[in-house]
Ligand SMILES: C[S@@+](CC[C@H](N)C(=O)[O-])C[C@H]1O[C@@H](n2cnc3c(N)ncnc32)[C@H](O)[C@@H]1O
């Protein structure tokens, strides 16, 4: 019997760093799409709104009652991070590799403060694998997802970072694309296999899906930075978290999506496959 493990696909650290740096360049391009949304995010947060997905709200419960500090890994320009404050979290720290995303988040907070709405938020620009040690054991919640794990090329190192950032008894939560979705073309009206495998799959790309950023950046696709994505199976994600000492409290597979990944899929094909998965895991309190 074959049980493919993350060890099959372990990469040298230099290659992991090179891929992540290439992704940093790609996301510095992609983040320009979010720069145009800063004023909208300011208005959204000032109005007390939250971008949390209903599945996240259900899995996390009443954040105000247990979460003083949340660290948002791969926080992009911070709209979801700041939404956590509107959900009742006391303090948030957003971590992202993209200089432009972190700059957007800082500008958003500056603007909020100017408008008399200061927020308890800090931002760190770094590779998630290099999250600073001053954040160790500081988080009641390490929150991430919605297009996050595919950019990380060492899931075991990643899970170790999650474990060190959490306080004893703290919770990790991810809601992300189900690895099955990566097997199919995005644009057809039915599920059409791309011919890629489920196990150990990684790929490079330039450009962005039509229903996400599309060609709104105005940079010819061939001139855009090359991005590296890695599809982690559920087994790899769960085993990495267990290996880092976290206890899995909940694993969900959901027909709901958080973005319009398959825009042309006929209604009768929707709901047949999981679009997302979610995990709530806890660090031992001892
Ligand atoms: C699809 S976005 C996640 C969006 C997020 N759910 C939100 O809107 O708040 C993926 C993010 O991962 C970040 N990222 C990619 N690789 C990273 C790495 N190695 N370390 C930290 N952040 C990374 C990108 O800069 C980007 O902001």
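The values are calculated or read from the model by the stated rules, or taken from the named source; none is laboratory data. Keep in mind that what you see is a predicted model, and the values were worked out from it rather than measured. Glycine gets a Cβ as well: all are built from the backbone with ideal geometry, and neighbour counts include every protein chain shown.
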Being farther than 27 Å from residue 275 by Cβ and at pLDDT 95 or above narrows 154, 140 down to just 140
Inspect all residues belonging to the stretch 100-110 and state whether any of them is touching a residue at least 40 places away in the same chain (Cβ under 8 Å), touching a helix residue (DSSP H, G or I) at 6+ places or on another chain (Cβ under 9 Å), more than 10 Å from the ligand (Cβ to nearest atom) and in a strand (DSSP E or B).
no
Subset of the stretch 68-99 (residues that are closer than 23 Å to residue 149 by Cα, out of contact with any helix residue (DSSP H, G or I) (no Cβ under 8 Å at 6 or more places or on another chain) and away from the ligand (no atom under 12 Å from the Cβ))
69
Sort out which residues of the stretch 111-146 are under 20 Å from the mean Cα position of the chain (by Cα), part of a loop (DSSP other than H, G, I, E, B) and more than 14 Å from the ligand (Cβ to nearest atom), and write them in order of number.
136, 138
Tally time: how many residues in the stretch 147-173 are within 10 Å of the ligand (Cβ to nearest atom), under 29 Å from residue 270 (Cβ atoms) and surrounded by 19 or more Cβ atoms within 10 Å (Cβ to Cβ)?
5
Is it the case that some residue within the stretch 222-232 is closer than 17 Å to residue 146 by Cβ and not in a strand (DSSP E or B)?
yes
Could you tell me which numbered condition residue 180 fails, if it satisfies all but one of (1) in contact with a helix residue (DSSP H, G or I) (Cβ under 7 Å, 6 or more places away or on another chain); (2) more than 14 Å from the ligand (Cβ to nearest atom)?
(1)
When (1) farther than 20 Å from residue 113 by Cα; (2) at pLDDT 95 or above; (3) more than 19 Å from the chain's Cα centre (by Cα) are applied to residue 45, the one that fails is (1)
Segments classed as helices (runs of 4 or more DSSP H), wholly inside the stretch 17-93, with at least 2 members that are more than 24 Å from residue 152 (Cα to Cα)
38-46, 54-60, 79-86
Considering only the stretch 69-80, I want to know if a residue exists there that is touching a residue at least 60 places away in the same chain (Cβ under 8 Å) and either more than 22 Å from residue 248 (Cα to Cα) or surrounded by fewer than 15 Cβ atoms within 10 Å (Cβ to Cβ) (or both).
yes
What are the residues in the stretch 232-260 that are surrounded by 18 or more Cβ atoms within 10 Å (Cβ to Cβ) and at pLDDT below 95, if any?
258
For the stretch 22-40, give me each residue that is near the ligand (Cβ under 10 Å from one of its atoms) and crowded, with 19+ Cβ neighbours inside 10 Å.
23, 24, 26, 27, 30, 31, 34
All positions within the stretch 48-57 that are under 18 Å from the mean Cα position of the chain (by Cα) and either surrounded by fewer than 19 Cβ atoms within 10 Å (Cβ to Cβ) or free of Cβ contacts under 8 Å to residues at least 40 places away in the same chain (or both):
50, 51, 52, 54, 55, 57
